[in-house]
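I have placed the structure first, in the form of structure tokens, so that the comments after it can refer back to it.
The values are calculated or read from the model by the stated rules, or taken from the named source; none is laboratory data. Computed from a predicted structure; not experimentally measured. FYI the Cβ positions are ideal-geometry reconstructions off the backbone, even for glycines, and counts take in every protein chain you see. Remember, those area values only see protein heavy atoms, side chains included, never the ligands or the DNA or RNA. Shrake-Rupley method; radii C 1.70, N 1.55, O 1.52, S 1.80 Å.
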Amino acid sequence: IIKAPQHQPHHLNGKMMIKNKNLPIATKDTTFIDCLTILSKYRLGCICIIDANNTLLGVLTDKDIRDFILNNNNNPNIFQIPASHFMNINFTHVNADLLVLDALTLFNKASFNHLFITDENKKLQGLLHIQDLFKTLKYGWVEKGMKAWKDDLSPMQIAQVASYIKTLKGTNPPNPKA
């Protein structure tokens, strides 16, 4: 009898996390027009606002930008306003040691699309987008022993699997594989 290999739980610090030059970053002095350019360039729906020490000060999401435009559409200087005036300082950030399953739970409970990954001093480490979690289910993570489900399941079924996985948190199934 061949036994399936035992796998460790997956943490966010793997290939799912967007890092380094792929991160959409700006400073609190970055102008609104430059923030729009960054949003368009990276197409992730958010920007990380950092200081010179890489500390995460705030974030900007597509929603923050839309709200800012609606509240300032009569301001002739709107494009020159710095990010410090419209960045969101109430955001969720987590440590890279967070388990992927816990990240799915956070995404579901809070209804957001991004998780900002920091160290204990709030230094930006990376970003996780909800789509990256679904890509992991769809395409697998072969080097970690996770099968790709894209040929066996429809996109709706993959979403249902993700939802089902979330319900298993805290359970103790007999003979678990991961």
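Pairing each residue of the stretch 103-126 that is touching a residue at least 60 places away in the same chain (Cβ under 8 Å) with any residue that is in a helix (DSSP H, G or I) and β-branched (Val, Ile, Thr), provided the two are 6+ apart or on different chains, yields C-beta distances under 6 Å for ASN113/ILE130. Going by what's in this entry, would LEU39 be described as surrounded by 13 or more Cβ atoms within 10 Å (Cβ to Cβ) and more than 16 Å from LEU23 (Cα to Cα)? Considered against the rule, which asks whether it is surrounded by 13 or more Cβ atoms within 10 Å (Cβ to Cβ) and more than 16 Å from LEU23 (Cα to Cα), LEU39 comes out as no. With the structure loaded, tell me whether ASN75 is surrounded by 13 or more Cβ atoms within 10 Å (Cβ to Cβ) and more than 22 Å from HIS129 (Cα to Cα) or whether it fails that test. Yes; evaluated as a whole, the condition is true for this residue. Restricting the search to the stretch 53-65, which residues are at pLDDT 95 or above and open to solvent by 30 Å² or more (accessible area, probe 1.4 Å)? ASN53, ASN54, LEU57 - these are the residues of the stretch 53-65 that are at pLDDT 95 or above and open to solvent by 30 Å² or more (accessible area, probe 1.4 Å). Examine the stretch 119-142 for a residue that is under 24 Å from ASN54 (Cβ atoms), open to solvent by less than 40 Å² (accessible area, probe 1.4 Å), under 14 Å from the mean Cα position of the chain (by Cα) and among the polar types (S, T, N, Q), and state whether such a residue exists. Looking through the stretch 119-142, none of the residues is under 24 Å from ASN54 (Cβ atoms), open to solvent by less than 40 Å² (accessible area, probe 1.4 Å), under 14 Å from the mean Cα position of the chain (by Cα) and among the polar types (S, T, N, Q).
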